Number of protein chains: 2
Amino acid sequence: MLGRRGLDIVRSTWCSSWASPSCQLKREVSTKILSRRATIRDARQLDSGSRVAVGGWVKSVRKHKSVSFVNVNDGSCLGELQITLPSEETGEAAAQTLGAKLSDITVGSSVFVEGELREVPGGKHKRLELHPSALEVLGKCDTQRYPLQKKYHSLEFLRENLHLRARTNTFGAVTRVRNALGQGLHSYFQENDFLHLHSPILTSNDCEGAGELFRIAKIGGKDDEFFGTPTYLTVSGQLHAEMYACALSKVYTFGPTFRAENSNTTRHLAEFWMVEPEMAFAGLDECIASAQGAIQRSVAHALDSCAEDIAFFNKNYDKQITERLERVVKKDFARLTYTEAIEVLQKAMSDGKGKVSFEKKPEWGIDLQTEHERFLAETYVGGPVFVTDYPADIKAFYMRKNAPDSQDRETVAGMDLLVPKIGELVGGSVREERFEVLEKKMRQLRLIPEEDLDEEAIASAGGDLDWYLDLRRFGSVPHAGWGLGFERLVLFATGMDNIRDVIPLPRFPGQCKH
Amino acid sequence: MLGRRGLDIVRSTWCSSWASPSCQLKREVSTKILSRRATIRDARQLDSGSRVAVGGWVKSVRKHKSVSFVNVNDGSCLGELQITLPSEETGEAAAQTLGAKLSDITVGSSVFVEGELREVPGGKHKRLELHPSALEVLGKCDTQRYPLQKKYHSLEFLRENLHLRARTNTFGAVTRVRNALGQGLHSYFQENDFLHLHSPILTSNDCEGAGELFRIAKIGGKDDEFFGTPTYLTVSGQLHAEMYACALSKVYTFGPTFRAENSNTTRHLAEFWMVEPEMAFAGLDECIASAQGAIQRSVAHALDSCAEDIAFFNKNYDKQITERLERVVKKDFARLTYTEAIEVLQKAMSDGKGKVSFEKKPEWGIDLQTEHERFLAETYVGGPVFVTDYPADIKAFYMRKNAPDSQDRETVAGMDLLVPKIGELVGGSVREERFEVLEKKMRQLRLIPEEDLDEEAIASAGGDLDWYLDLRRFGSVPHAGWGLGFERLVLFATGMDNIRDVIPLPRFPGQCKH
């Protein structure tokens, strides 16, 4: 808040919240400095000689003979600010003058410090340290019980301490990069005439197969009396996005979606965030162009605003991440048809003379597996690649049918974006906009009820999707869209391996603590 | 997409999706023009003489003797673009030359038009019309069955046709203003060092009273075996935001929240969006300053980017909306303590000599009702007003206790922002950061388990919140935050009256269609 609109717009002086007699000292210190707090990120940009107040958590304490160093971080950046304190021998008296007890300044404790920034002598690069004129320990930290005492913790251990892991370098960096990726996506959509659509979480429609849906419990034993219909957590906002795109041309959703899939893997979550743009007056080219544009904008924003964090991931998690991300931003993504992709895989096997093999044999008609997807992105292309025009039989009912190919095989105007390390990052398609074609397909799949079905049967068949046909009955337009699993983008941009480590509070079978 | 990164970054020419023989004509027209589409908002800014292609839905057709006018909208703005067609007598032949049948151009049909923009002769203000050189009806509209045939529809009628209502002026405008308000909030937070936190929807914690929670159904009859614990839809992301603020200083959530409250009112939804920032190293002043700052930024962005829409609401829904919003952006919000507010209300009654009355008598200790809140905002202040320092007994357990007042009454460092027409728009507080005070309060309320409780009892008492106490055990910091009901902000900014009309797909008792 510092230096921006800040407190000058509010009339009163310090709030009454510190007024209890038991924290009189706190009140005085806080009154002076809380409202003048600078982020550590900002403080590190200031000139030597500047006076500044910062708050944060102690990351390390190094006591030397003539001086003690306390490193503090506040989450505004990866870097820490070094507080330089008087020597240990004379430290206690000096600390008391500053307003604190030296022994309270331990790893994990929170402090508020005011002082002067001075250049660290002798360094190659300019680095500032803070010489305090006032210091308060806001919250002590029981060193015996604090789980994050040690400098190093395994990711597994931190998953057991979800409520504290954001205090580590890794999870601070993940949170900042995740934030930047999300904002980069918003920027792309807003600059390209998309409206953000808050599609609903609760829905009576199920278009992806009833087995993987979370259902809302009946309340008080009565049969779904709250909404009057079986109600689920959404698996995708796409159909709702189509509803709005067929009125306002370009929209995007960005919200949580759910799968009750019993998958205990590093790639699946029961609750995850999806980005689903939908465009009217668009075909597969626009679909592909917007997916590339949005991802490039998102990654560029992360590289730009989180350079220090990306360098951290590059050093500690994936030595190629910076280079890979920079190439993503600069280079067009490649493009193959599914038919070409199958040929590439088959040729790789026959040319590879046993060195290239796949568990599932690549044949026209199969759904590409992660092993195929990664080979195409990592080995064949060496970067992101759009695979288009998949066999109709392996894709969803709403994808638009192409004309049969030269061998009379049926394909759809769909695309998947495959990227190194992850496999599928985006899936999209042109939507079937022809009423008769869509209606026939939906009847075959029993997605719209036969005329003699009762309401319960309609509900169990996935709800009544007649409204979805209305979008084609009344002023239908060619339209297309795609979905991005946001956590997969965070994995891609950080080089982290486990999807549970790139969402604040992961939910998966057996885990819904907090 | 036009004129931006657009299609030049994609290698191939037009996609295969139009290649089926049955739509050969479409393919040719679309190949020519789809990728050069301009939004109608952009087209209206061009110079007379410009060539342009637009797509959209027909809003009206007026056939005159010498000429026909077709008004088209694409959702990029409220305004329509007038297509000027040859006269009715000769129209059919001319339309066929353009590639369409004149009789197919009906209200609700979708069209794609390419042509030259020319100034409408004789108008006072510059207004452009499009003289087409190519026109295609992409999707016909069955005029007998289309529910939105007529020009005017009641809001009630449109609530019965949720999947089509975005095609009306009102709901297009609501969607654009809602988008702008959301982006304005993001801008405020991003510019002020907040990180967007995707707090979870599924949670085992319940801190607001079990009666109003949606619970996830047991799967396959087994007892909550998916997560191993009773699981609910979140009522607030606050506790999770505190978890991250107590590590990274400033975060905000912006996501859906849920109440299984059986309220059939114009002010309540079962699913609604909340914005919940949380700040470490902050007190009530920062809480108030950030709420004012965020709302001002949000409303300013809506005024700036949706001027035409706001003017529409001002004309059709609330004659004071423009003036009210402009004042909100410019003027500081007022501030009263709860104790002062009660005095104001009591004085208003005694001075009013019977003209001012309230259903609930204003006395120190009561929770303010909407009638009180609106009186304070509308009559006393004439604008937004923060009311602070409420009685501790009527507020949540996590709010920080003030020192007892001069009459030895207990209050908390909390605030509500009251605004005209709506009442409470924001609620926030400083959080109790003192371990002992918080733990005692939580034990009293049975929010943390007695030591002899088993897991089931803990779950039914609202889950285990010991992690929340850990935030105070280890490096506790003064922190504060607030929550904004986003739909209430949309109501406030549009002048609409019913909360069901400001969210894309409202969910309330008996309604979860689509």
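The values are calculated or read from the model by the stated rules, or taken from the named source; none is laboratory data. Remember, predicted model here, so these are calculated numbers, not experimental data. No Cβ is skipped: glycine too gets one built from the backbone with ideal geometry, and neighbour counts run over all protein chains shown. These area figures cover heavy atoms from the full protein model, side chains too; ligands, DNA and RNA do not enter into them. Shrake-Rupley method; radii C 1.70, N 1.55, O 1.52, S 1.80 Å.
A:PRO256 meets the stated requirement of being touching a Phe, Trp or Tyr at 6+ places or on another chain (Cβ under 8 Å) and either free of Cβ contacts under 8 Å to residues at least 60 places away in the same chain or aliphatic (A, V, I, L, M) (or both).
Which of the residues belonging to the stretch A:491-508 are farther than 16 Å from B:SER199 by Cα and either within 9 Å of chain B (Cβ to nearest Cβ) or in a helix (DSSP H, G or I) (or both)? Once the filter is applied, which keeps residues that are farther than 16 Å from B:SER199 by Cα and either within 9 Å of chain B (Cβ to nearest Cβ) or in a helix (DSSP H, G or I) (or both), the stretch A:491-508 yields A:LEU491, A:PHE492, A:ALA493, A:THR494. None of A:ASP351, A:ASP332, A:ASP304 is at pLDDT below 95 and open to solvent by 70 Å² or more (accessible area, probe 1.4 Å) except A:ASP351. B:LEU128 - would you say it is more than 11 Å from every other protein chain (Cβ to nearest Cβ), under 34 Å from the mean Cα position of the chain (by Cα) and in contact (Cβ under 8 Å) with a residue 12 or more places away in the chain? In short, yes. Of all residues in the stretch B:386-410, those being out of contact with any helix residue (DSSP H, G or I) (no Cβ under 7 Å at 6 or more places or on another chain), of a type in the set (A, V, I, L, M), closer than 17 Å to B:GLY283 by Cβ and in a loop (DSSP other than H, G, I, E, B) number 0.
Can you find, within the stretch A:200-240, the residue that is modelled with the lowest pLDDT among those that are open to solvent by 20 Å² or more (accessible area, probe 1.4 Å) and either assigned to a helix (DSSP H, G or I) or not assigned by the TED database to the domain that holds A:THR253 (or both)? Per the criteria, the residue is A:ALA210.
Residues checked against (1) farther than 23 Å from A:PHE189 by Cα; (2) at pLDDT 95 or above:
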position: A:ALA396; (1), (2): yes, no
position: A:VAL412; (1), (2): yes, yes
position: A:ASP454; (1), (2): yes, no
position: A:ALA480; (1), (2): no, yes
position: A:VAL490; (1), (2): no, yes
position: A:ALA493; (1), (2): no, yes
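Only residues that are facing chain B (nearest Cβ under 7 Å) and hydroxyl-bearing (Ser, Thr, Tyr) were counted across the stretch A:172-202, and they come to 2.
Identify all residues within the stretch A:149-171 that are facing chain B (nearest Cβ under 10 Å) and in contact with a helix residue (DSSP H, G or I) (Cβ under 6 Å, 6 or more places away or on another chain); write none if there are none. Scanning the stretch A:149-171 gives A:HIS163, A:ARG165, A:ALA166, A:ARG167, A:PHE171.
Scanning the stretch A:338-347 for residues that are open to solvent by 20 Å² or more (accessible area, probe 1.4 Å) and either without any contact (Cβ under 8 Å) to a residue 60 or more places away in the chain or under 12 Å from A:TYR380 (Cα atoms) (or both) yields A:GLU340, A:GLU343, A:VAL344, A:GLN346, A:LYS347.
Do we have any residue at all in the stretch A:181-194 that's within 18 Å of the chain's Cα centre (by Cα), open to solvent by less than 10 Å² (accessible area, probe 1.4 Å), aromatic (Phe, Trp, Tyr) and closer than 30 Å to A:ASN314 by Cβ? Yes; the residues of the stretch A:181-194 include at least one that is within 18 Å of the chain's Cα centre (by Cα), open to solvent by less than 10 Å² (accessible area, probe 1.4 Å), aromatic (Phe, Trp, Tyr) and closer than 30 Å to A:ASN314 by Cβ. With respect to the conditions (1) under 23 Å from B:PRO478 (Cα atoms); (2) touching a Leu at 6+ places or on another chain (Cβ under 9 Å), B:HIS372 lacks only one, and its number is (1).
Taking the criterion of being open to solvent by less than 10 Å² (accessible area, probe 1.4 Å) and closer than 26 Å to A:GLU323 by Cα, the residues of the stretch A:469-491 that qualify are A:LEU484, A:PHE486, A:GLU487, A:LEU489, A:VAL490. Would you confirm, using the coordinates I've provided, whether B:GLY383 is part of a loop (DSSP other than H, G, I, E, B), touching a strand residue (DSSP E or B) at 6+ places or on another chain (Cβ under 9 Å) and within 30 Å of B:ARG327 (Cβ to Cβ)? Yes, satisfied. Testing B:GLU286 on (1) over 24 Å from B:GLU378 (Cα atoms); (2) open to solvent by 10 Å² or more (accessible area, probe 1.4 Å); (3) modelled with pLDDT under 95, one condition comes back false. Which one is that? All conditions are met except number (2). Selection of the stretch A:393-444 for residues being of a type in the set (Gly, Ala, Ser) and open to solvent by less than 10 Å² (accessible area, probe 1.4 Å) yields A:ALA413, A:GLY414, A:GLY423, A:GLY428, A:SER429.
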